[in-house]
Amino acid sequence: MSAQAHGRIAFAGEALAVERAALPEAHGAEGLRLPRCVPEPGDAARGAFSARGDALREDIALHAGPVPGRAERMPVASLLEGWRRGTTLVAPALAAVLRAHVSGEVPAAPDGAQSWEVAPGVRMRPYLTPTLPPATHTNTFLLGPEGGELVLVEPAPPGEEAAEDLARWARQHGRPKALALTHHHRDHVGAADRLRELLGVPLWAHEGTAERLSGRVRVDRTFDDGATWTLEGDDPARGAGPQTIECLFTPGHAPGHLCFRDVASGVTLVGDMVAGVGTILVEPRDGHMGRYLASLRRLRGLPLTRLLPAHGGVLAAPGAVLERYVDHRLAREAKVRAALGEAAAAGETPANASELVPRAYADTPKMFWPLAAMALEAHLLKLAEDGEAVRQGRGWRPV
């Protein structure tokens, strides 16, 4: 799923020469596949970089590189405005050039880490975590103006080496102020305690997350729906002014699930509400299917420009993505309802979730049926709340 893009970008008065290329999504199950950004000899003052890699499906990516080719002139102001508003994705090399243009400094290569500044003050970077297949990584994020106050969201990876790497990455871009969690699952909190020690900052989360982590990870401050953070910058004239982040309470996948929206760009960290690789599991121990659907619908009605999931790539069309997730869940609910009816007609009730999986998840590889059984149980609980199913002993029957 990789495509290559080449082009030259250089300042030409108030314009940049750039190449436009439609490319696949940013990264998949194996983490970010980002361009290698190296200054070309003699080109540093003009901001030319070599960039090869993937960008975003269904969108225009602006790439920098060593081959002039199909370059076109684009006003710097237009490119900057789109980047700031979350409507234009740029490769890491271009983000470095744009930031340099704002500051008036000579462009430098990006930080060398496998990170991507999707919008000003919104950086993402994947780490290997013990997550569910097909995902293998969890994205960690830095929110806040370059050189200013930063909140590190999703301190996910386990292990000392990863925690120290995250601490270096945060300090490289500003002054860490806090750590924040979208929810309590283990592939989202692996570095939380160690990073608190390394950075000397508090851990923030929703009260529901704090309750689930009680006795394992200490949450220092809780936030609820509508709370905002103001992250101060050092120099507003250089594009590093205050940045506002809004908390969105989105229960369903987990009882204390939060999303975080950058107010200026509309780019939103959505945790495990949706994914760029695989799908989202809603299971009965932590999840609630009805609330999950309500949270998806609530997000669909908000002014979001990009979705940054915890697993997989940047999602460019929030409304369409969220609508697809709602439709998928409702279609699966219909299959569960039908499977329950078929079992009853065959005299096989009460039927438990495992017995219903072959009917309701016939389109799913058998290796995933144990996970499917958990999701099916969550669907059955929702059907019971809707008055369409009832538990009988260890099984279920339709009403």
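Assorted remarks:
- Note on the stretch 260-377: no enclosed helices (runs of 4 or more DSSP H) hold 3 or more residues that are polar (S, T, N, Q), open to solvent by 30 Å² or more (accessible area, probe 1.4 Å) and within 17 Å of Thr182 (Cβ to Cβ).
- Residues of the stretch 379-391 classified as in a strand (DSSP E or B) and within 18 Å of Val357 (Cβ to Cβ), total: 2
- Qualifying residue in the stretch 278-295 (condition: closer than 30 Å to Leu80 by Cβ, in contact with a helix residue (DSSP H, G or I) (Cβ under 9 Å, 6 or more places away or on another chain) and either without any contact (Cβ under 8 Å) to a residue 60 or more places away in the chain or not hydroxyl-bearing (Ser, Thr, Tyr) (or both)): no
- Filtering the stretch 378-399 to residues that are open to solvent by less than 70 Å² (accessible area, probe 1.4 Å) and among the hydrophobic types (A, V, I, L, M, F, W, C) leaves Ala378, Leu380, Leu381, Leu383, Ala384, Ala389, Val390, Trp396.
- Failed criterion for Gln243 (all others in (1) over 17 Å from the mean Cα position of the chain (by Cα); (2) of a type in the set (S, T, N, Q); (3) closer than 30 Å to Glu377 by Cα hold): (3)
- With respect to (1) open to solvent by less than 30 Å² (accessible area, probe 1.4 Å); (2) closer than 21 Å to Cys247 by Cα, the lone exception for Ala163 is condition (2).
- Members of the stretch 152-177 found to be on the phi > 0 side of the Ramachandran plot and over 15 Å from the mean Cα position of the chain (by Cα), listed by number: Gly159, Gly174
The values are calculated or read from the model by the stated rules, or taken from the named source; none is laboratory data. Keep in mind it's a predicted model, so treat the numbers as computed, not measured. Positions of Cβ are backbone-derived with ideal geometry, glycine not excepted, and every protein chain shown enters the neighbour counts. For the accessible areas, the whole protein counts, side chains as well, though only heavy atoms, and no ligand, DNA or RNA atoms are used. Shrake-Rupley method; radii C 1.70, N 1.55, O 1.52, S 1.80 Å.
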